[in-house]
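First comes the structure, then the notes that go with it.
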Amino acid sequence: MRKLSVIVILAFWATLVVGQTPHGKSLRFDCSLCHSTGSWKLDRKAMTFSHDSTTFKLVGQHQPVDCRSCHTSLDFSTAKNQCIECHDDLHENTLGPDCARCHTPKSWIVENISELHQKSRFPLTGAHQIGDCTACHKSGSIRRFEPLGIECVDCHRTNYLTTTKPNHQEAGYSTDCASCHSPISGGFGAAFIEHNFFPLTAGHAVNCTLCHVGGDYKKIPTECATCHQKDFDGAKNPNHRQLDLSSSCQDCHKTGPGWKPARFTEHDARFFPIFSGKHANTWTNCTECHTQAGTYTLFSCTDCHEHAKTVTDDLHKETNGYQYNSLSCFSCHPLGAKESGFNHSTTNFTLTGAHVTVDCKSCHSKGFAGTPIDCEFCHQAKYDEAREPVHYTAGIPSKCEPCHNTVAWKPSSFNHATTAFPLNGGHTKVIQCSDCHKGTVTATSSECISCHQVQYDKAKEHKLQAYPTDCKVCHTENSWQEVSFNHSTSRFPLTGAHITVSCASCHTNGYAGTPMDCNSCHTSNFNASVNPNHVAAGLPATCESCHTTTAWKPSTFNHITTGFGLTGGHSKIVQCSECHKGSTQNMHVECITCHQVQYDGAKDHKTQKYPTDCKMCHNGDSWQNANFNHAATNFPLTGSHTTVTCAKCHTNGFTGTSTDCNTCHTAKFTASVS
């Protein structure tokens, strides 16, 4: 029975040694990075394994931590890699499970609280920057940070309810504190009420209580009469009530420095020039012209400017609507002089620029009523005669004002930047609109090819290589010669040696659908490779696995990523095909896969049935340094057993050798006499 148990234990041990690892199936690193052939016991000073080669780099406080703190079992794939899986959530899930939002492996202490707060829903400004955290985060002392409201009133409701000067509640003030208070000021007392709805300038820059009587800060009307009705009623020069003047004080008065002198400056623009022109400084009181008692809406020019009726009628016999008793001579004589013109600003066609000096009959050839105001009514001839550009050829509409102004016909003032196609670079040199606008300016395509098909067809290889017809992909608006396609805008950015390769080298069949896999261009390089021979070794045609775009040599493939690092004698291998016989996939890492010849030729290996796991006795440096560690079995060699030749005990090979003393020492037992 004892022999059976020994056999089972040896079989289990052999299975572990030959084909499995206790660290889980996902581990793909060479055992020698952590273990030595002398003992399985770890020697940190001799270890070459770097945790940086895993998905969890050890930085900061993670570096000195004992491995077993995280790797609680030999199966390393079960190790946790989330902060919350190893560290207690002291915030009790009030900040979420992602510790790295605030903490770093360097230290648990958060050194940039203010900076982090700027990324939150409530960036800290002004007085909020220097406030005590616990003033808002009531449970912050026990590390709980529940989400808080971010409206002012969420924290300052008590301030709002207890304020009496003025009483915010009674006045119906908004609970949006920021409409009157600023966090920059450092206190509630420094209010900055936004009075933009009624600017407090000059004379209006008064104490609030003058308008908000009795501390009533509810909205009050902004009409002047609300505060200045007494001023309006008491005005005597002129008598505002008697003359039925408007109660809109701002028509004549300003907010400062005082009510007087009143100056109805709108009189010139809206009615009749009295502050400029010939009437300036000729009057002292409004009633000199406004003689009609009780109203300023009626007055008569002839009160001051008397004319002989017969002569005046004869001068105006061709003027439609003329009447001598008209109260508004200034309709045609705004400056009061006989030769003065009609105030065209009172119509829906104000005279500006060159129109000011045009004779009235040039436009009013059929009288003054119903005269068209469309440009083409007067300027159709200029439209038809235009040559730079030819307007009708280019399809330019006959509405002159989009391109011309009344100052002069030339230069045209049309700004092409107001369209969806600004004229830049070489396009600014276009002379005729019809160069691009073939009979229409409303349906012109902005696609390059619509104008540059000729250049595209003539360009070397463009049509043959099926270049894209969007010219701006490669060309600039300055010149055709400035060619610079930005390959980074494609799915294949050019790096390294690819930058200097001619386009046609890759785009042999045009530019659409060009393959991006390395093998499409580099099959010849792959087939011609001899060191190592890629074909013989069965290497995959995915060049990027080993090569970079900088240069083919040296290859950047790191064999340690396969789980079989090339160390010791293996580092001297020249050709991949020495191990990879036609394939790099599904390779076995057992020594015998490559070293069957050495095993068969070695003395006693085959006859003595040595294990085929070479590393049990040999190391990766040399075959000669053979040293089997018997302590790794369940029969450590001690005493005289350390000098016995292997064949003495392993007479029938190395598997299933009995560990009973009697197996080897029966003769001594039988010959024993005392």
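The values are calculated or read from the model by the stated rules, or taken from the named source; none is laboratory data. Owing to the predicted nature of the structure, the values given are computational and were not obtained by experimental measurement. Please note: Cβ atoms are built from the backbone with ideal geometry, for glycine as well, and neighbour counts cover all protein chains shown. When the accessible area is computed, the model is the full protein with side chains, heavy atoms only, and any ligands, DNA or RNA have been set aside. Shrake-Rupley method; radii C 1.70, N 1.55, O 1.52, S 1.80 Å.
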- Per Stokes-Einstein, at 37 °C and 0.692 mPa s, what whole-number D in µm² s⁻¹ belongs to segment 72-195, with the Kirkwood radius over Cα pairs as the hydrodynamic radius? 185
- Query: Given a 1.4 Å probe, how much area per residue of the chain is accessible, in Å²?
  - Reply: 72
- 1/(1 + (r/R0)^6) with r = Cβ-Cβ of HIS228 and THR549, R0 = 51 Å, i.e. FRET efficiency to nearest 0.05, evaluates to 0.05
- Query: Given H placed 1.01 Å from N in the peptide plane, which residues other than close sequence neighbours of ASN533 have an amide H under 5 Å from its amide H?
  - Reply: CYS576, SER577
- Message: Going by amide H atoms built from the backbone, whose H comes under 5 Å of the H on HIS181, apart from near neighbours?
- Response: PHE192
- Sequence-distant lysines (8 or more away, or on other chains) whose Cα lies within less than 22 Å of LYS429: LYS410, LYS438, LYS458, LYS472
- Query: For THR78 and VAL574 in the same chain, what is the full-extension length gain: residue separation times 0.36 nm, less their Cα-Cα distance, in nm?
  - Reply: 174.8 nm
- Item | FRET efficiency, 1/(1 + (r/R0)^6) with R0 60 Å, evaluated for CYS133 and ASN285 via beta carbons | 0.25
- Message: Sorted from largest to smallest, which semi-axis lengths in Å does the alpha carbon gyration tensor of segment 502-660 give for its equivalent ellipsoid, taking the root of 5 times each eigenvalue?
- Response: 49, 14, 13
- Net dipole in debye of the chain [+1 Lys, Arg Cβ; -1 Asp, Glu Cβ; about Cα centre; nearest 20]: 2620
- Compute the relative contact order of segment 604-652 as a whole-number percentage, counting only Cα pairs closer than 8 Å that sit 6 or more residues apart in sequence. 33
- Message: Testing the spin-label approximation: label points 7 Å from Cα along Cα→Cβ at GLU170 and ALA46. State their distance in nm.
- Response: 9.0
- Query: From the residues PHE145, ALA178, CYS83, which one has its Cα farthest along the dipole of segment 79-184 in the positive direction, the dipole being from +1 and -1 charges on Cβ of Lys/Arg and Asp/Glu about the Cα centre?
  - Reply: ALA178
- Message: Spelling out what I want: for every residue of segment 66-83, take phi, set θ = phi - 60°, compute 6.51 cos²θ - 1.76 cosθ + 1.60 (Karplus), and round to whole Hz; glycine and proline get x.
- Response: 5, 3, 5, 5, 9, 8, 6, 9, 5, 7, 5, 5, 8, 5, 7, 10, 9, 3
- Could you tell me which of ALA632, GLY426, CYS99 has its Cα farthest along the dipole of the chain towards the positive end, charges placed at Cβ (Lys, Arg +1; Asp, Glu -1), taken about the Cα centre? ALA632
- Message: Using the Kirkwood radius over C-alpha pairs as Rh, can you work out the diffusion coefficient of segment 410-563 via Stokes-Einstein at 37 °C, viscosity 0.692 mPa s, in µm² per second?
- Response: 166
- Message: Report the rotationally averaged projected area of the chain based on its alpha-carbon convex hull, in square nanometres.
- Response: 60.4
- Query: So what J values fall out for segment 595-600 if you push phi through Karplus, 6.51 cos²θ - 1.76 cosθ + 1.60 with θ = phi - 60°, rounded to Hz, Gly and Pro as x?
  - Reply: 10, 4, 5, 4, 5, 5
- Item | Residue-averaged 222 nm ellipticity for the chain, from DSSP H runs of 4+ at -39500 (n - 2.57), nearest 500 | -5500 deg cm²/dmol
- Task: Compute the length gained on full extension between LEU637 and GLN453: take 0.36 nm times their separation in residues and subtract their Cα-Cα distance, giving the result in nm to one decimal.
- Result: 57.2 nm
- What accessible area, in Å² to the nearest ten, does a 1.4 Å probe give for GLU85? 90
- Calculated FRET value between ASN237 and LYS309, using beta carbons and R₀ = 30 Å, to 0.05: 0.25
- Item | Cross-link reach list, lysines versus LYS25, counting only Cα pairs under 27 Å and skipping chain neighbours closer than eight places | LYS41, LYS45, LYS57, LYS80, LYS581, LYS615
- Under the Karplus relation with 6.51, -1.76 and 1.60 and θ = phi - 60°, whole-Hz ³J(HN,Hα) for segment 308-317, x at Gly and Pro, equal 6, 4, 4, 5, 5, 4, 5, 5, 10, 5
- Sequence-distant or interchain residues sharing an amide H contact under 5 Å with LEU539, placed H: which? none
- Task: Multiply the residue separation of SER69 and ALA178 by 0.36 nm, subtract the distance between their alpha-carbon atoms, and state the gained length in nm to one decimal.
- Result: 34.1 nm
- Note on the structure: With T = 37 °C, eta = 0.692 mPa s and Kirkwood Rh from C-alpha pairs, the Stokes-Einstein D of segment 494-551 in µm²/s is about 261
- Message: What does DSSP give for the chain in terms of the percent of beta bridges that are antiparallel, rounded to the nearest 5?
- Response: 65
- Query: Zone of SER479 (label point 7 Å along Cα→Cβ, backbone N under 14 Å): which residues in segment 409-445?
  - Reply: 425-427
